[in-house]
Amino acid sequence: MNLLQVRKMMLFTAQRMIESEPELTALDQIVGDGDHGIGMKRGFASIIELLQDEKFQPTDIGDFFIKIGTKLMTSMGGASGAIFGTLFRTGGKSIVGTMELNSEVFAKFLNDGWQGVYQRGNAEPGDKTMVDALSAASKSANELTHLTLNEALPIIAKSAMEGAEKTKQMIAVFGRAKNLGDRTIGHMDPGAVSMAFILKYMNDYIHMQ
């Protein structure tokens, strides 16, 4: 995928994330503050504004994702803005200069993004956060660099959703959900679902083309 195609993919993804707000809000009303969906909607609405601005002309795919991350950080606020912004900013920095998004580049983006998220918040797989979906996606991506992005992304997205599903069995150790203890068992983490949705919608876009 070239820069223009990645831009169109993210526009599609942002639109779908906005439409997912009710589902994400409902999840967060069970295990969190109830504002995760609203924050994600606000962040991705700002992404749409950015992508529709003719003055927005990133130099390469890494620069593009860095600017996406910065926009998420400044528009969403709170922990989610910091975490998802860090994912895109750190992942983007690791692929600066890249003009084509393929499976190898995408694996690097996910892995470095994951490391950035870990360094920021110290969440590990099993802590019932977006990292459970992100780490599953990263590991899957590492094993699929020999495939085309079209072939790899459905598997990566599926791995992320499976990672989100596994959070049902976990007890939260971060955020407000931490105070609920065992009561968080049986419910997916909203951040993990958001992470899985982002990859799902990226994949949906690629396979619509």
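Computed values, structure above
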{"item": "Carbon and sulfur %, accessible surface of the range 1-116 computed with the full protein complex present, 1.4 Å", "result": "51 percent"}
{"item": "Asn2 versus Arg120: modelled label distance in nm, points set 7 Å from Cα along the beta carbon direction", "result": "3.1 nm"}
{"item": "Simple Cβ-charge dipole of the chain, Lys/Arg +1 and Asp/Glu -1, about Cα centre, in debye nearest 20", "result": "280 debye"}
{"item": "The chain: angle of helix 103-121 to the longest principal axis, Cα-based, in degrees nearest 10", "result": "40 degrees"}
{"item": "The chain - accessible surface per residue (Å², probe 1.4 Å)", "result": "45 Å²"}
{"item": "Extreme residue, positive dipole direction of the chain, given options Gln57, Gly78, Leu110 (C-beta unit charges)", "result": "Gly78"}
{"item": "Answer label for semi-axes √(5λ) of the Cα gyration tensor in Å (calculated), chosen among (1) 29, 20, 16; (2) 34, 18, 15; (3) 26, 19, 15", "result": "(3)"}
{"item": "Helix 36-52 axis, angle to the chain major axis (alpha carbon atoms, nearest 10°)", "result": "10 degrees"}
{"item": "Isotropically averaged projected area of the range 95-209, using the convex hull of Cα atoms (one quarter of hull area), nm²", "result": "7.2 nm²"}
{"item": "Asn142/Gln15 FRET efficiency (R0 30 Å; Cβ-Cβ; nearest 0.05)", "result": "0.55"}
{"item": "Under-16-angstrom lysine pairs by C-alpha in the range 79-209, whenever the two are 8 or more apart or on separate chains", "result": "10"}
{"item": "0 to 90° range, to nearest 10: angle between helix 190-206 axis and the chain longest Cα axis", "result": "30 degrees"}
{"item": "Rough spin-label spacing in nm, given labels placed 7 Å along Cα→Cβ, for Ile38 and Asn102", "result": "4.5 nm"}
{"item": "Normalised contact order of the chain, rounded percent, pairs of Cα under 8 Å and 6 or more residues apart", "result": "21 percent"}
{"item": "Coordinate range along principal axes, alpha carbons of the range 59-118, Å, largest first", "result": "32, 24, 13"}
{"item": "Cβ-placed point charges (K, R +1; D, E -1), dipole of the range 123-208 about Cα centre in debye, nearest 20", "result": "280 debye"}
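The values are calculated or read from the model by the stated rules, or taken from the named source; none is laboratory data. Owing to the predicted nature of the structure, the values given are computational and were not obtained by experimental measurement. Note that we place each Cβ from the backbone using ideal geometry, even for glycine, and neighbour counts take in every protein chain shown. All accessible areas refer to the heavy atoms of the entire protein, side chains included, with ligands and DNA or RNA removed. Shrake-Rupley method; radii C 1.70, N 1.55, O 1.52, S 1.80 Å.
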